[in-house]
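Inspection log for the structure reproduced underneath, given as structure tokens.
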Amino acid sequence: MQAIGNFDELKKYREGLVSARDPKRKVVAVCTGTGCKAYKCDDLASALEAEVVKQGLSDKVEIVPTGCHGFCERGSLLVIYPDDIFYQKVSVDQAAEVVSKTLANGEILEELLYEDPVTGKKIVKESDIPFYKHQQQLLFGPGRRIRPTEIDDYLALGGYEGLAKVLSEMKPDEVVELILKSGLRGRGGGGFPTGVKWRTCRDAPGDTRYVICNADEGDPGAYMDRSLLEGNPHSVIEGMIIGAFAIGSDQGYIYVRNEYPLAVSNVHVALDQAREAGLLGENILGTGFSFDMRVSRGGGAFVCGESTALMASLEGFVGEPRAKYVHTVEHGLYDKPTNLNNVETWANVPLIVNKGVDWYTSIGTGDVSKNPWGGSKGTKIFSLVGKVKNTGLVEVPMGISLRKIIYDIGGGVPDDRAFKAVQTGGPSGGCLPESFLDQPVDFDELSRAGSMMGSGGMIVMDDRTCMVDVARYFVKFLLDESCGKCVPCREGNRRMLEILTRICSGQGVLSDLDLLERLSRSMMRGSLCALGQTAPNPVLSTLRHFRHEYEAHIVDHRCPAAVCRPLITYTINDECNGCTLCKRVCPQKAISGEKKKFHVIDQDKCDQCGVCIQSCKFDAIDVA
Amino acid sequence: MSKMLMVTPGRCIGCRTCEVACAFRHAEAGVPGRSRVQVRTLAKDVWVPILCLQCDDAACVQACPVSALWRNAETGAIEVQEDRCVRCNVCVVACPFGNMTVESPKKAVIKCDVCGGDPACAQFCPTRALEYLEV
Amino acid sequence: MLNLDINGRRVTVRKGTALLAAIREAGFEVPTLCHHEALEPYGACRLCVVEVREEGRDKTRVVTACNYPAKAGLQVETESEAVVETRREVLDLLLARCPGSPVIRELASSMGLHRSSYPPDQNRDNCILCGLCVRVCEKLGFTAITMAGRGAEREVAAPLKEPPPDCVGCGSCARVCPTGNIPLVDRDAMRRIWDRDFEMVRCTSCGRAYITREYLESRVEASGLPASHFELCDECSRSRTAQTMYRHMVLDDKEASHE
């Protein structure tokens, strides 16, 4: 495409794109996010395209392979616009039917409809599905309608309008002020007001400044940033260009982990397109403002999400944090003032510019008009996973309750099990019990409850989850991911894991709990970076809310959730009808009993693997 | 005007009082340090006390990779900043006069620092073989 | 210049001074294991933690003095409850890691800690991963060794755990190591360190092997000094100096007697 030379040309170009589109033409948005890729959504999209051509519907129907829709559990999925028909679990061989029946004749395919697990009713329209109904997809929404690798799709939706507005109407200071007033806070975990960061960086002495997009998301089970970058890379790029203009930077970096191949490739494509369109590089939109950026691929170390470690890695050094008493906004990459924001934070920027502060601050909690720490504004994307019916990515307004996310959007806990806890904030977050379900979700409320917003991981746990085991799992993760530089994090996590393992195997003593608390305090105070400083969170929050489970392990030598193998016993109850199945599957040959007679487990031989309980069809095996 | 430690070898009687004085002046926690001055016996009844000449163009300073050696502006003596010394020992080898010494427990390099302007060796030398004089 | 308050004492330091230097200048002691004045602050051992309250702030926080810049109006406590607890915990952890290290044991017992709260590690050497060896090596321009692995697996190692090709056998790493954990053996004019053998140069006078050839060559080049400076061991240099001085004395005497 020809470079767009000025604001007028951008406007005309967009109008051209919009008028070229036939509003009556049906659009089939096929999710081609990474989750659906596992369900062969690319084959589905090609099959649909081929069928449309074959059935002569090319001028009536357009197949659009889009970014992630969020409802990953139901892939492959597609939405037919303008009717808003939602099909889920669509397989490649159903493509012909979708085209011939629904697209050609408007006939709804019942078997592809979503069935509400609560009411049991089939739902046709996407907007009626509870998973979507309660969301507010401000950031995620556009990516679901466009091809991530087509800048025209983004431009047609009003893309780069925010950039044009900023470059044509605003001074850099005004942009900083706008972001400050919007109350936008860092979505990477810290919740630091973005405007304050921008201003400090802008005011820092020096000629060269850098902006960085942190796409090194690494929390287990979290993939918000990945999907955003894969599905709508231009929104992040536009945010960064606006930020660069506000801060006074001419060079940016996107640090993305190499395990996100689709994100890496889509960002590269998007950058090339933006450059070609004159929206990135020298003399952007003919304004004289120049800014370019590079993609740097990370090796997948969790600690490289920490800003100083990330910058060390960008410079080509080992990704190890340094204490940032002198902030990176003043001395960052190559010792220059550097503004680093996370993917989701950057994606918020064009939105705020386009829709204004009043609109943005109407979403969320608190009052940020006087104090940028006064509330949490806008939406937040969570990756809702674990023991919840509807797993996927959900974008909700700040201030929504945990209950609403888990029950209304997530559909609650499957298999009629009881809810036990929700872990928010990734590995260094905390586990909150049921009494906190009506807690509004925002930066400050979650911290007060002993957890944190983090980058948006949300793991739901049911009554079969052992909270000591959960704490142990996260400590293990953090120990593996600790860079090992400072003593409290390296040795502290190691000892913490040792103690928790001891407790899980029934070898704990009550004074271990005091030791855990004492060690936690020192790790939080003494660790070099946020990884070590927040590492005790899973331990402290489970100790605070589920202390009785720790005590049960130590005092009663019992794991209430029946998870910790050294502490559980399997026994056969009166329901046993002697089917012999358990006896046959037991790898330890610990079960004896004759056909149609009561079976018995030899506790000396049993190694608590649980195969018997899974195989028994008569609920005849108890675990305690 | 600055002062320098002057050696007159003919006056030295080999009593080694200078060595002892130096060790005690550089004692730490009651333990005498290693002496920065060494008396050499060259022949029968011929002794020479050897200590740093505080060269104008000092090889030790030039060789030190971490600038742990610097000249005290007041005394004119080259001093070792012990907590900057990285124990690379290059100065020990580089000094053509052999006047850098390694102290064993801390492994740091030591040398004559004219005791900050009041050298013990000169003070206690009974024959004025060592003198701290204006030059 | 700026003023700050350390343990209730008003202290004036130059702008840009690290807090650790300011504290020590004021005469207070803060223990360190990974700090070295010739190297950039590293902030790994966390022993130099102190509690600070910045001007205009209500809350105090625990920071490491080695890399925290002295600020005007700062109030510093070097022995507060939080500081002592954190420092003790660090030593508790190090004591469990290196139960056999006299340096660690001494530091720990100076804080009243005679036994670790954690089971002592078995079969582990005395490396505390302070990084001094690695950083000194880098500072001297060799970068022969590095940190490898992460988390509990972190260790000091040569690239690919093979004898390091960039090592010159200077031995500085072994000498700066606070726990004396790096083996260095000189025998028969050969030095063995990091699983490599280095040829040593013999003093042209006494024949004592006093420096490795590679180190000698690199230092002649780096210092710009004539190679002749490095020909003798320090003992023989001293003897030469003595003889020179004696010769001068005899000459002087002769001249004096001629007058």
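Annotations
- Residue list for the range C:131-163, filter: touching a strand residue (DSSP E or B) at 6+ places or on another chain (Cβ under 7 Å) and crowded, with 18+ Cβ neighbours inside 10 Å: C:G131, C:C133, C:V134, C:I145, C:M147, C:R154, C:V156
- Out of A:R495, A:R558, A:R518, sole residue that is more than 28 Å from the chain's Cα centre (by Cα), surrounded by 17 or more Cβ atoms within 10 Å (Cβ to Cβ) and within 14 Å of chain C (Cβ to nearest Cβ): A:R495
- Spans of strands (runs of 3 or more DSSP E) in the range C:181-259 with at least 1 residues out of contact with any strand residue (DSSP E or B) (no Cβ under 7 Å at 6 or more places or on another chain), away from chain B (no Cβ under 12 Å) and surrounded by fewer than 20 Cβ atoms within 10 Å (Cβ to Cβ): C:184-187, C:196-202
- Candidates are the residues of the range C:165-180 that are surrounded by fewer than 22 Cβ atoms within 10 Å (Cβ to Cβ) and assigned to a loop (DSSP other than H, G, I, E, B); the one that is farthest from the other protein chains (Cβ to nearest Cβ) is C:P165.
- Count of the range A:130-163 residues which are buried (at least 23 other Cβ atoms within 10 Å of the Cβ) and aliphatic (A, V, I, L, M): 5
- Subset of the range A:110-130 [aliphatic (A, V, I, L, M) and assigned to a loop (DSSP other than H, G, I, E, B)]: A:L113, A:V118, A:V124, A:I129
- Test for A:Q423: is it modelled with pLDDT of 90 or more and not assigned by TED's automatic domain parsing to the domain that holds A:G221: yes
- Selected residue [surrounded by fewer than 24 Cβ atoms within 10 Å (Cβ to Cβ) and within 22 Å of the chain's Cα centre (by Cα)] from A:T361, A:T365: A:T365
- Selection count where residues are in a strand (DSSP E or B), of a type outside the set (V, I, T) and buried (at least 21 other Cβ atoms within 10 Å of the Cβ), scope the range B:99-135: 1
- Residue within the range A:453-469 that is within 28 Å of A:L310 (Cα to Cα) and surrounded by fewer than 24 Cβ atoms within 10 Å (Cβ to Cβ) present: no
- Residue check for C:D197: more than 17 Å from the chain's Cα centre (by Cα), acidic (D, E), closer than 21 Å to C:V220 by Cβ and at pLDDT 95 or above: no
- Only a single criterion out of (1) without any contact (Cβ under 8 Å) to a residue 24 or more places away in the chain; (2) surrounded by fewer than 16 Cβ atoms within 10 Å (Cβ to Cβ) is not satisfied by C:R105, namely (2).
- Residues that are basic (K, R) and within 14 Å of chain B (Cβ to nearest Cβ), drawn from the range C:12-52: C:R24
- Residue ID - farthest from the chain's Cα centre (by Cα), chosen from residues in the range C:53-73 that are buried (at least 21 other Cβ atoms within 10 Å of the Cβ) and more than 7 Å from chain A (Cβ to nearest Cβ): C:A70
- Annotation note: of A:A471, A:A535, A:A552, the sole residue that is of a type outside the set (K, R), away from every other protein chain (no Cβ under 14 Å) and either within 30 Å of A:G70 (Cβ to Cβ) or in contact (Cβ under 8 Å) with a residue 40 or more places away in the chain (or both) is A:A471.
- Single residue of B:E103, B:E134 found to be under 23 Å from C:T212 (Cβ atoms) and either out of contact with any helix residue (DSSP H, G or I) (no Cβ under 6 Å at 6 or more places or on another chain) or at pLDDT 95 or above (or both): B:E103
- Test result for A:S307, more than 14 Å from chain C (Cβ to nearest Cβ) and at pLDDT 95 or above: no
- Apart from one condition, B:P96 fits all of (1) part of a loop (DSSP other than H, G, I, E, B); (2) without any contact (Cβ under 8 Å) to a residue 24 or more places away in the chain; (3) facing another protein chain (nearest Cβ under 7 Å); the exception is (2).
Yes or no, residue by residue, for (1) touching a strand residue (DSSP E or B) at 6+ places or on another chain (Cβ under 7 Å); (2) in the same structural domain as A:T102 (by TED's automatic domain parsing); (3) not small (G, A, S):
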{"position": "A:G35", "(1), (2), (3)": "no, yes, no"}
{"position": "A:L44", "(1), (2), (3)": "yes, yes, yes"}
{"position": "A:V52", "(1), (2), (3)": "yes, yes, yes"}
{"position": "A:D59", "(1), (2), (3)": "no, yes, yes"}
{"position": "A:G67", "(1), (2), (3)": "no, yes, no"}
{"position": "A:G70", "(1), (2), (3)": "yes, yes, no"}
{"position": "A:L78", "(1), (2), (3)": "yes, yes, yes"}
{"position": "A:P82", "(1), (2), (3)": "no, yes, yes"}
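- When A:Y325 is tested against the conditions (1) surrounded by fewer than 19 Cβ atoms within 10 Å (Cβ to Cβ); (2) not in a loop (DSSP other than H, G, I, E, B), the lone failure is (2).
The values are calculated or read from the model by the stated rules, or taken from the named source; none is laboratory data. Being a predicted model, the structure only gives us computed values, none of them experimental. Positions of Cβ are backbone-derived with ideal geometry, glycine not excepted, and every protein chain shown enters the neighbour counts.
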